[in-house]
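The values are calculated or read from the model by the stated rules, or taken from the named source; none is laboratory data. Here the structure is a predicted model, which means the values were calculated and not measured. Backbone-built Cβ (ideal geometry, glycine too); neighbour counts: all protein chains shown.
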Amino acid sequence: MFQNKVIVVTGGARGIGKCICEEFAKQGANICVIDLLENDYFQGDLANKETLEAFAAKVLADYGHVDVLVNNALPIMRGIDECSYEEFEYAQRVGVTAPFYLAKLFAPHFAQGASIVNISSSRDRMSQPQSESYTAAKGGIAALTHALAVSFAGKVRVNSISPGWIDTDYTVFEGPDATQQPAGRVGNPLDIANMVLFLASNKAGFITGENICIDGGMTRLMIYHNDHGWKLEE
């Protein structure tokens, strides 16, 4: 399905991004990664405008077009008590500005049937304390998704995925860590990669502007004191 397709993945050197790259590669795709970490294609900071331009130029020089853009890179998480102005701004540049600018740079070069898949987070709809920089970035990319879907109507489908708890080491958790989730387990990178490949495929040809939450049902579980084994400690 993705034989010889050009797949761009940000933050593709580890974790969910690496799994996404591996699953596309199994189908014969050409993978173009940008990451702060060392990798086989392009190492650089997504928060830097010139880096994004250099990366896009390399992709287009190598392949001439893009079939799939996966915006997966992880923003930093800092809370209201400790997050500086510069750190908050940096998180938004990685989490929102870079996906916007890459979409803009590749806009004239998306192939017919192209797709953008943005990786948001279940934190785009719920929060823990001291997570403002990350949560704001993830909320931003979720909203950016439907805006791009409308702007790219008829040319590029744009969707987002909101992962919940994803353990990148594929640990099998037991007890409350697992049972607090209606699915009965913690997620792993393949849970996300499988949906990325689906959304990027022709099978999802009638899906655009959508956000799909893959969190084992955690955001659907209503919690009250003494409910489902939970007890509020004051």
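Couple of notes before you dig in:
Yes/no matrix, rows are residues, columns are (1) in contact with a Pro (Cβ under 9 Å, 6 or more places away or on another chain); (2) surrounded by fewer than 15 Cβ atoms within 10 Å (Cβ to Cβ); (3) farther than 22 Å from ARG157 by Cβ:
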| site | (1), (2), (3) |
| --- | --- |
| ILE7 | no, no, no |
| CYS21 | no, no, no |
| GLU38 | no, yes, yes |
| TYR41 | no, no, yes |
| GLU50 | no, yes, yes |
| HIS65 | no, no, no |
| ALA91 | yes, no, yes |
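- Scan of segment 122-139 for residues that are assigned to a helix (DSSP H, G or I) and either modelled with pLDDT of 95 or more or under 12 Å from PRO99 (Cα atoms) (or both), ordered by number: GLU132, SER133, TYR134, THR135, ALA136, ALA137, LYS138, GLY139
- Selected residue (criterion: surrounded by the most Cβ atoms within 10 Å (Cβ to Cβ)) from residues of segment 162-208 that are under 25 Å from THR135 (Cβ atoms) and aromatic (Phe, Trp, Tyr): TRP165
- Neighbours by Cβ (under 7 Å, 6+ apart or cross-chain): first from segment 57-70, under 13 Å from TYR41 (Cα atoms) and among the hydrophobic types (A, V, I, L, M, F, W, C); second at pLDDT 95 or above and part of a strand (DSSP E or B): VAL59/VAL8; VAL59/CYS32; VAL59/VAL66
- If the condition is being among the aliphatic types (A, V, I, L, M) and at pLDDT below 95, then segment 187-227 contributes MET218, LEU221, MET222, ILE223.
- Segment 6-31 residues that are part of a strand (DSSP E or B), paired with ones that are basic (Lys, Arg) (beta carbon under 9 Å, 6 or more apart): VAL9/LYS18; ASN30/LYS5
- Residues in segment 187-211 that are of a type in the set (Val, Ile, Thr) and in contact with a helix residue (DSSP H, G or I) (Cβ under 6 Å, 6 or more places away or on another chain) were compared, and the one that is farthest from GLY154 (Cα to Cα) is ILE192.
- Residue check for ALA57: crowded, with 18+ Cβ neighbours inside 10 Å and either assigned to a helix (DSSP H, G or I) or touching a Cys at 6+ places or on another chain (Cβ under 7 Å) (or both): no
- Condition check for SER122: hydroxyl-bearing (Ser, Thr, Tyr), closer than 23 Å to ILE76 by Cα, in contact (Cβ under 8 Å) with a residue 60 or more places away in the chain and surrounded by fewer than 22 Cβ atoms within 10 Å (Cβ to Cβ): yes
- When we screen ALA142, ALA178 for residues that are over 21 Å from the mean Cα position of the chain (by Cα) and not in a loop (DSSP other than H, G, I, E, B), the only hit is ALA178.
- In segment 98-119, residue farthest from ILE80 (Cα to Cα) [restricted to those that are surrounded by 21 or more Cβ atoms within 10 Å (Cβ to Cβ) and of a type in the set (Gly, Ala, Ser)]: ALA114
- Of all residues in segment 143-161, those satisfying the criterion of being hydrophobic (A, V, I, L, M, F, W, C), surrounded by fewer than 22 Cβ atoms within 10 Å (Cβ to Cβ) and touching a residue at least 24 places away in the same chain (Cβ under 8 Å) are ALA149, VAL150, PHE152, ALA153.
- From the list GLY95, GLY28, the one residue that fits, being of a type in the set (Gly, Ala, Ser) and buried (at least 23 other Cβ atoms within 10 Å of the Cβ), is GLY95.
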